[in-house]
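The values are calculated or read from the model by the stated rules, or taken from the named source; none is laboratory data. All values derive from a computational prediction rather than experimental measurement. When we count neighbours, we look across all protein chains shown, and the Cβ atoms used for this are built from the backbone with ideal geometry, even at glycine.
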Amino acid sequence: MGFFSRFKARILKLFKKKDTCIGLYGPPNAGKTTLGNLIVKDWKSESDIDEPLGSVSHIAHETRKAQRHHKLEIVSGGSRIQLDIVDTPGLATKIDFHDFMAEGLSEKESKQRSKEATEGVIEAVKWLEDLDGVILVMDATENPYTQVNVTVIGNMEARNLPLLIVANKVDLSDADPEAIRDAFPQHPFVAISALEGTNMDQFYEALIKQFG
């Protein structure tokens, strides 16, 4: 390859648009990984290995390392978007190993999980530097005015990056997704059940509209 060919290749690489990278954020057990697994299942290519984005558990902080799935092509309403999805560890302002012991883990296991969960929170915060947008997943049975939710929303607003708020777990009888919509009316919103697959068509439509 001659000099000018190499120079042209480097210029094209320099200006090549990077893949859109969207992070799944929210407090522990809001359903981020369940949603991420469903997105991957719905839109994985035939060449993808049949593996979920992450594992789920009723015990908080099951996800303690960020997991990234590359080049998902999502189609809705005649529009499409290709993006990377990053499932991040649950954000929390306090992590106490005694909470894990209450779930039946040994003291040794609980302390190790607490350490890893704390490291996961730090990793999740660092990921914000590299993202093109965030899907903020909230538990529709919980009070939306948490420090985690307000901090993530404030961070995205300060960076002027797109944000989609997802009220998850609408399949539960005590779910109140409208409380989340009313709490943050300045941002796009969709109510779903990632576990049941409820309203996923509306979710994908909102995702393409917000991040496309």
Exercise for the section: Report yes if some residue within region 93-113 is modelled with pLDDT of 90 or more, of a type in the set (V, I, T) and within 29 Å of A191 (Cα to Cα); otherwise report no. Expected result: no
Notebook entry, point to check: Residues in region 130-144: is at least one out of contact with any helix residue (DSSP H, G or I) (no Cβ under 8 Å at 6 or more places or on another chain), in contact (Cβ under 8 Å) with a residue 24 or more places away in the chain, closer than 15 Å to G26 by Cα and among the β-branched types (V, I, T)?
Noted result: yes
Here the qualifying pairs (Cβ atoms under 6 Å; residues six or more apart or on different chains; first in region 23-46 and more than 21 Å from V150 (Cβ to Cβ); second of a type in the set (D, E, K, R)) come out as T33/D87; G36/D87
Checked against (1) at pLDDT below 60; (2) crowded, with 19+ Cβ neighbours inside 10 Å, V56 satisfies every condition except (2)
Selection over region 74-118 where residues are under 22 Å from T146 (Cα atoms) and surrounded by fewer than 14 Cβ atoms within 10 Å (Cβ to Cβ) yields a count of 4
The correct count of residues that are in contact (Cβ under 8 Å) with a residue 24 or more places away in the chain and assigned to a loop (DSSP other than H, G, I, E, B) in region 167-184 is 8
Residue hits (region 66-78; part of a loop (DSSP other than H, G, I, E, B) and either within 13 Å of I22 (Cβ to Cβ) or in contact (Cβ under 8 Å) with a residue 40 or more places away in the chain (or both)) are A66, G77
Scanning region 188-209 for residues that are crowded, with 18+ Cβ neighbours inside 10 Å and within 11 Å of I135 (Cα to Cα) gives F189, V190, F203, A206, L207
Over region 79-118, the set of residues in a strand (DSSP E or B) and not small (G, A, S) is R80, I81, Q82, L83, D84, I85, V86, D87
Going by the structure shown, is D87 modelled with pLDDT of 80 or more and within 16 Å of A30 (Cβ to Cβ)?
yes
